[in-house]
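A.B. asks: Below you will find the structure I want to go over with you.
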Amino acid sequence: MSIFKSFFSKEENNQASSELKEFLTDFSIEVMPRTASKIESFREILPKNTRVYVAHIDGVPIEEMVDTAKRISNEGFDVMPHLPARIIKDKKIGSFILRQQILSDFPAKELRNVVDESKKNIKAMNDLMHDELPDMTYTCETVVQLAKDENVVKDMKRGGCAGAYVGIESGSNEMLKKIKKTQTTDECIQAMRNLQKHGIEHAFGIIGSAMMPISDIFEPAGIRFISVVHEQGAAHMADGYSRVSGKQGVCIGQNGPGISNCVTGIAAAFWAHSPVVIITPETGTMGIGLGGFQEANQLPMFQEFTKYQVHLNNSNRMAEFTGRCFDRALSEMGPTQINIPRDLFYGEIDVDIPEPMHLDRGPGGEQTLDEATTLLADAKFPVIVSGGGVVNAGGVDACKLLAERLGSPVVNSYLHNDSFPASHPLWCGPLGYQGSKAGMHLISQADVVLALGTRLGPFGTLPQYGLDYWPSDAKIIQVDADHKMLGLVKKISVGICGDAKASAEAMLHKLEGVSLASDKNKEERAAKIAAAKKEWEQELDEWLHEKDAFSEAAIKKAGPDFLHPRQVLRELEKAMPEDVMVSTDIGNINSVANSYLRFEKPRSFFAAMSFGNCGYAFPTIIGAKVAAPDRPAIAYAGDGAWGMSMGEVMTCVREDIPTTAVVFNNGQWGAEKKNQVDFYDQRFVAGELDNQSFANIARAMGAEGITVNRLEDVGTALRTAIGAQMNEHKTTVIEIMCTQELGDPFRRDALSKPVRHLDKYKKYV
């Protein structure tokens, strides 16, 4: 900070912009090679964590800069070599300089550039970084005039610019005049704000005339509009983006049919508690109610699936309503909608842009926290259910510490397998359909259940594998940020309305120094946990295929060129990278995958939750990939669901969003067919699918396609696809040829044998 203060004169320091001072919070050191040659040891003069930029000076060979960078790096400092834009006349020259003269000797992960030269050079430099070094970032120095230019900043972002230092020179307009600088402090602030707003800004949709007044300025505003194949996919992408980033995802489309196509995706986002904002342009105000072209009453479409809706009736309230939609999407953790008559996009208004509001939920009330702590202290066999609220709150570490204090097994709530690290000895797997038998056996013994950030939904706690595992006599502590969820499904003893992370931390604090009943049998319970997990893993290893009569016949009929889904899922599990993101569709094989999906990081697993719609997985993982381009992204889909979403492969190709899709091709609607096997005497109505090669279709759309019909090729195919995704920016569709064997039905409780009263239907039972 002292370096920046030197720009202010004593008499004018008080006149310096307070806004400007807020930006001046940090600095680092720049070293020139020939100056560095005079310094024997940088350790003696620099603090331990100093970042050192090694400058390139005109007339000095680049080799001197590289040698200096290597030397300072060997002393233990974070070093960033300098690639000046002025010497990059075009991408070819830049590539030679970078690869042959810098990276060959100094394998930097980050570079420093200077972008105070011509815009042509800046573009060449960013073309080089974007096309040839997509995983490398850079920081730079620049001047106010360039930082003010939206197009320059956008190009810097595209090239991987992770931060910029702007030469402000002074915080006083008077001082700027004295030193003969042309910029003003207002321009400086504008430049900085321009840089700040170019964070992650994305919108998903299909272009239409109703939205063109705003889509036309997406680019200069720093917003990337990702054009999709179908608007349902846009809503799913916004969902995936928000679930990974923790920020609002945005989707938008043409009024009428474009907007109605989004309903399913918004419903899925609602049940996933995703802060998605849908902008719905509408028929103009003078045409509403006349039955005009593409007119629709768009608010009722989303009424059941939004936390907040508003219709813009006066253009002067545009900023107010938009800000409220974005605020409430985050505060209420769910979709919101702003409905805008298309003629209200035009006109001049005089308004203040509202600042974003941030809600601090807190841990809950002291009384309920005390009651919960007492129950936990007296519990002999406590079990924690870690839900989606733990992920949303960033509370995985807090949950882990609380579990370790209690010695408590932790089970994931249904389809929230990323809410606790699978490598942790207390992790016991997910509950619900095709979940973990280990987790089910252990929670059945609980005397106290802490439901942390979960509503304990009915589908996620149904009996499974013939096990009615829910502990009916246990005391239930439920923590949820939405008070309406407390006690909604299960009878509870204590309900805490609070943030899952803050609540876990508060309970842990209250348990400090407290003697716990569970301390007496901690080792015994640890042994039980380990034994239950070992038994379940062994069962999964030996569970090679389904063993009911229909499945046995299907396996025999298929022959050797078709694989058992369970074996495939196990091989895919083994080949997963540690930081992988996975989305799953609805369906028989995808649901069986619940047993095999384990994660180390939160915000890694995405499913359609209680809405259970087909066509969910692939567009959702595209949105996730946009939010986290440095993480491998994989979608699981059955062949039926894949037919609803495979068009988005074209989105991946044309928008350069590399992903991997695993398609289980068994030629059937498996979940529905299982019901026809169990309840309708194998009368298969519309259950069969005669598919073309999905790998060939993928190649026709510009992606890679791999067909797998040997078990030993499953892991290799996935690793190859991930390599192509991360290193070559390629999308791959892996088509797995599977038998028609079928896992347990979704809802054995939802169907029963029908009664037929008319003679012609008597045999249909």
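A.B. asks: Just the residues that are buried (at least 24 other Cβ atoms within 10 Å of the Cβ) and part of a helix (DSSP H, G or I), please, taken from segment 574-591.
C.D. replies: ASN588, ILE589, ASN590, SER591
A.B. asks: Look through segment 211-246, keep the residues that are of a type in the set (S, T, N, Q) and under 28 Å from PHE605 (Cβ atoms), and return whichever of them is surrounded by the most Cβ atoms within 10 Å (Cβ to Cβ).
C.D. replies: Result: SER242.
A.B. asks: Select from segment 407-429 the residues that are polar (S, T, N, Q) and in a loop (DSSP other than H, G, I, E, B) and list them in ascending order.
C.D. replies: SER408, SER413, ASN417, SER419, SER423
A.B. asks: Can you tell me which residue among PRO421, PRO409, PRO430 is outside the structural domain of VAL580 (by TED's automatic domain parsing) and more than 25 Å from the chain's Cα centre (by Cα)?
C.D. replies: Answer to the selection: PRO409.
A.B. asks: Scan segment 531-547 and give yes if some residue there is closer than 22 Å to LYS674 by Cβ, in contact with a strand residue (DSSP E or B) (Cβ under 7 Å, 6 or more places away or on another chain) and surrounded by 18 or more Cβ atoms within 10 Å (Cβ to Cβ), otherwise no.
C.D. replies: No: zero hits.
A.B. asks: Look at segment 507-536 and say how many of its residues are more than 20 Å from LEU375 (Cα to Cα) and either in contact (Cβ under 8 Å) with a residue 40 or more places away in the chain or of a type in the set (Lys, Arg) (or both).
C.D. replies: Of the residues in that region, 9 qualify.
A.B. asks: In addition: Of all residues being more than 24 Å from GLY498 (Cα to Cα) and of a type in the set (A, V, I, L, M) in segment 446-476, which is modelled with the highest pLDDT? Just the residue, please.
C.D. replies: The qualifying residue modelled with the highest pLDDT is LEU467.
A.B. asks: Let me ask you something else. Among the residues that make up segment 375-395, is at least one of them without any contact (Cβ under 8 Å) to a residue 40 or more places away in the chain, among the acidic types (Asp, Glu) and farther than 30 Å from SER260 by Cα?
C.D. replies: no
A.B. asks: Right, next: Against the condition closer than 30 Å to LYS484 by Cβ and either under 23 Å from the mean Cα position of the chain (by Cα) or among the hydroxyl-bearing types (Ser, Thr, Tyr) (or both), how does GLY240 come out, does it pass?
C.D. replies: Criteria met by GLY240.
A.B. asks: Turning to a different aspect of this structure: Of all helices (runs of 4 or more DSSP H) completely enclosed by segment 624-714, which ones contain at least 1 residues that are under 26 Å from the mean Cα position of the chain (by Cα) and at pLDDT 95 or above?
C.D. replies: In segment 624-714, the matching helices (runs of 4 or more DSSP H) lie at 639-645, 649-655, 694-700.
A.B. asks: In segment 510-541, how many are within 13 Å of PRO382 (Cα to Cα) and of a type in the set (A, V, I, L, M, F, W, C)?
C.D. replies: 4
A.B. asks: Among the residues of segment 444-494, how many are under 22 Å from PHE420 (Cα atoms) and among the hydroxyl-bearing types (Ser, Thr, Tyr)?
C.D. replies: Count: 4.
A.B. asks: Condition test on ILE496, is it within 30 Å of ASN590 (Cα to Cα), touching a residue at least 12 places away in the same chain (Cβ under 8 Å) and touching a Pro at 6+ places or on another chain (Cβ under 9 Å)?
C.D. replies: no
A.B. asks: Based on what the data block shows, is GLU404 under 31 Å from the mean Cα position of the chain (by Cα), in contact (Cβ under 8 Å) with a residue 12 or more places away in the chain, surrounded by fewer than 24 Cβ atoms within 10 Å (Cβ to Cβ) and outside any strand (DSSP E or B)?
C.D. replies: For GLU404, the condition - under 31 Å from the mean Cα position of the chain (by Cα), in contact (Cβ under 8 Å) with a residue 12 or more places away in the chain, surrounded by fewer than 24 Cβ atoms within 10 Å (Cβ to Cβ) and outside any strand (DSSP E or B) - is met.
A.B. asks: So GLU332 fits all but one of (1) crowded, with 16+ Cβ neighbours inside 10 Å; (2) farther than 19 Å from THR454 by Cα; what number is the exception?
C.D. replies: GLU332 satisfies all of (1) crowded, with 16+ Cβ neighbours inside 10 Å; (2) farther than 19 Å from THR454 by Cα except (2).
A.B. asks: Determine which single condition ALA438 fails, assuming it passes every other condition in (1) under 23 Å from ILE496 (Cβ atoms); (2) in a helix (DSSP H, G or I); (3) out of contact with any Leu (no Cβ under 6 Å at 6 or more places or on another chain).
C.D. replies: Every condition holds for ALA438 apart from (1).
A.B. asks: From the set of residues in segment 10-42 that are among the hydroxyl-bearing types (Ser, Thr, Tyr) and either part of a helix (DSSP H, G or I) or modelled with pLDDT of 75 or more (or both), which is farthest from PHE77 (Cα to Cα)?
C.D. replies: SER18
A.B. asks: Name, by its number, the condition in (1) surrounded by fewer than 20 Cβ atoms within 10 Å (Cβ to Cβ); (2) not assigned by TED's automatic domain parsing to the domain that holds GLY265; (3) not small (Gly, Ala, Ser) that does not hold for ARG324.
C.D. replies: That leaves (2) as the condition not met.
A.B. asks: Still on this model: Go through (1) touching a residue at least 60 places away in the same chain (Cβ under 8 Å); (2) assigned to a loop (DSSP other than H, G, I, E, B) and name the single condition GLY347 misses.
C.D. replies: Unmet condition: (1).
A.B. asks: Among the listed residues ALA686, ALA661, ALA607, which satisfies the condition of being without any contact (Cβ under 8 Å) to a residue 40 or more places away in the chain and either buried (at least 18 other Cβ atoms within 10 Å of the Cβ) or among the aliphatic types (A, V, I, L, M) (or both)?
C.D. replies: Residue meeting the stated conditions: ALA686.
A.B. asks: Quick one: is GLY389 modelled with pLDDT under 95, closer than 30 Å to LEU330 by Cα and not charged (D, E, K, R)?
C.D. replies: Here the answer is no, as GLY389 does not meet what is asked.
A.B. asks: To continue, here is another question. If a residue must be outside any helix (DSSP H, G or I), modelled with pLDDT of 75 or more and under 12 Å from VAL79 (Cα atoms), how many such residues does segment 43-69 contain?
C.D. replies: 6
A.B. asks: (1) closer than 18 Å to ALA438 by Cβ; (2) surrounded by 17 or more Cβ atoms within 10 Å (Cβ to Cβ): which one isn't true of MET485, the others all being true?
C.D. replies: Single failed check for MET485: (1).
A.B. asks: Given (1) buried (at least 18 other Cβ atoms within 10 Å of the Cβ); (2) in a loop (DSSP other than H, G, I, E, B); (3) on the phi < 0 side of the Ramachandran plot, where does GLY432 come up short, assuming only one miss?
C.D. replies: Only one criterion is unmet by GLY432, namely (3).
The values are calculated or read from the model by the stated rules, or taken from the named source; none is laboratory data. Because the structure is a prediction, the values reported are computed rather than measured. Here the Cβ is made from the backbone with ideal geometry for all residues, glycine too, and neighbour counts use every protein chain on show.
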